[in-house]
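Working notes for the structure below.
No lab work stands behind these numbers, since they all come straight from the coordinates. A quick note: this is a predicted structure, and the numbers were derived from the prediction, not measured.
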Amino acid sequence: MIIRWPGKIEEGKVSNETVCLTDFFATFATLLGVPVPEDAGEDSFNILPVLLGKEHSKPLRGSTIHHSISGQFAIRKGDWKLIEGSGDGDYPRTKEGKIDVKTYQPVRVPETGKWDRLDYFEIEPDGKYQLFNLKNDPKELKNIAEEYPEKVKELRDELDRVRDSGRSER
């Protein structure tokens, strides 16, 4: 991520902190002085200390949750990334390889016009996992899940904990 903010962010400053697009919600709320309600920004962290070069002793977030358009979850923690399922997270496809858009069925409540069900494709995980060490394999070319079953379990447990609680810890 590249950010330019003259007078606030030091030019040429580099950080190894993991950040996510969702973090802009909590960060902008902080900049505007608007409190974030408990039921909003579930996975958003205020990254202003990182942007402003403030010292901090530990990562701002314990892990980063990712979610693909097809409903496939992944978690990143440090150099490790675990993807739930063996798929690529893309749209569901027909046997011919075309995007299967008929599977997307959002539903509105007629009385209010609000979305009652705005789901993704709800593809069930296939019980397989993909594990990558991003420091050694930033392009995610070699799935090492079978070589590191204890890391798969650790990250799977963390993903389940975050998913069950409905939010990342802040």
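Pairs from the table (Lys58/Lys135; Lys54/Lys139; Lys77/Lys98; Lys95/Lys142) lying more than 28 angstrom apart at Cα are Lys54/Lys139; Lys77/Lys98.
Under the classification rounded if a/c is under 1.5, otherwise prolate if a/b is larger than b/c and oblate if not, where does the range 1-61 fall, given a ≥ b ≥ c as square roots of the Cα gyration tensor eigenvalues?
Verdict is prolate for the range 1-61.
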